[in-house]
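The values are calculated or read from the model by the stated rules, or taken from the named source; none is laboratory data. If you're wondering where the values come from, they're calculated on a predicted model, not measured in any experiment. Here Cβ is always computed from backbone atoms with ideal geometry, including for glycine, and neighbour counts include all displayed protein chains.
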Amino acid sequence: MRYSEGFRNSALRKVLPPERRSVSVVAREVGVHPVTLHNWLAKFNDGKMVLGPEGAEPTPAGRGAPEKLRLLLESRTLTEDQKGDWLRRHGMHTEHLTLWEQELEGIVTDKQENLKQEVSELKKENKDLKRELARSQSAMAEALALLTLKKKADRLLGLDEEI
């Protein structure tokens with residue numbers, strides 16, 4: 001099985017200084033056999049493996065929501081046999097997929113709540129504007145009626161003489 005360079009680098013950094021964690025603990029944490037991690041460490045010590053720059057490959061935590069969603073959807077198309085290799089190629093674990101799913105559900109829920117609040121505010125604003133429009137129309141109708149009555153009164157009283 002092939003592991004991505006970023007995945008190997010990440011695991012090796014945990015057993016090398018300054019962290020200097022136990023190979024067995026790191027192997028259990030990252031989900032590889034301790035012998036595999038020992039082999040990587042031996043290759044590194046012999047100069048056959050070089051650590052690339054830290055952060056060369058995006059870490060699972062460093063991925064954005066669109067990429068997490070894309071990877072989640074892509075993982076859903078794989079069989080269990082294919083998923084292990086796919087996860088290693090992307091430097092991830094099954095726990096990442098579970099966490100991302102929860103994170104994206106939270107984003108969607110927050111977005112829905114924000115949209116509900118926005119709709120509620122817009123409905124209230126719409127109601128207020130309709131009330132103001134009705135008041136304005138009523139005031140304009142009243143002003144038009146008064147103007148019409150004044151013109152009629154002026155005609156009856158002979159005050160509409162043009163100069």
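The table for this structure:
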| read-out | value |
| --- | --- |
| Residue, surrounded by the most Cβ atoms within 10 Å (Cβ to Cβ), within region 1-25, restricted to residues that are modelled with pLDDT of 80 or more and charged (D, E, K, R) | 8 |
| Residues that are surrounded by 14 or more Cβ atoms within 10 Å (Cβ to Cβ), among the aliphatic types (A, V, I, L, M) and modelled with pLDDT of 80 or more, drawn from region 36-69 | 37, 41, 49, 69 |
| Residues of region 26-35 that turn out to be of a type in the set (Val, Ile, Thr) and at pLDDT 90 or above, as a count | 1 |
| Residues satisfying the stated conditions in region 21-39, i.e. β-branched (Val, Ile, Thr) and under 15 Å from residue 9 (Cβ atoms) | 26, 30, 32, 36 |
| Some residue of region 144-153 being within 24 Å of residue 5 (Cα to Cα) and part of a helix (DSSP H, G or I) | no |
| Any hit, region 89-100, residues being surrounded by fewer than 14 Cβ atoms within 10 Å (Cβ to Cβ), within 24 Å of the chain's Cα centre (by Cα) and of a type in the set (Ser, Thr, Tyr) | yes |
| Residue 156 vs. criteria free of Cβ contacts under 8 Å to residues at least 24 places away in the same chain and either exposed (fewer than 10 other Cβ atoms within 10 Å of the Cβ) or in contact with a Ser or Thr (Cβ under 9 Å, 6 or more places away or on another chain) (or both) | yes |
| Residue 125 of a type in the set (D, E, K, R), farther than 30 Å from residue 10 by Cβ and within 48 Å of the chain's Cα centre (by Cα) | yes |
| Some residue of region 111-128 being assigned to a helix (DSSP H, G or I), of a type outside the set (A, V, I, L, M) and in contact (Cβ under 8 Å) with a residue 40 or more places away in the chain | no |
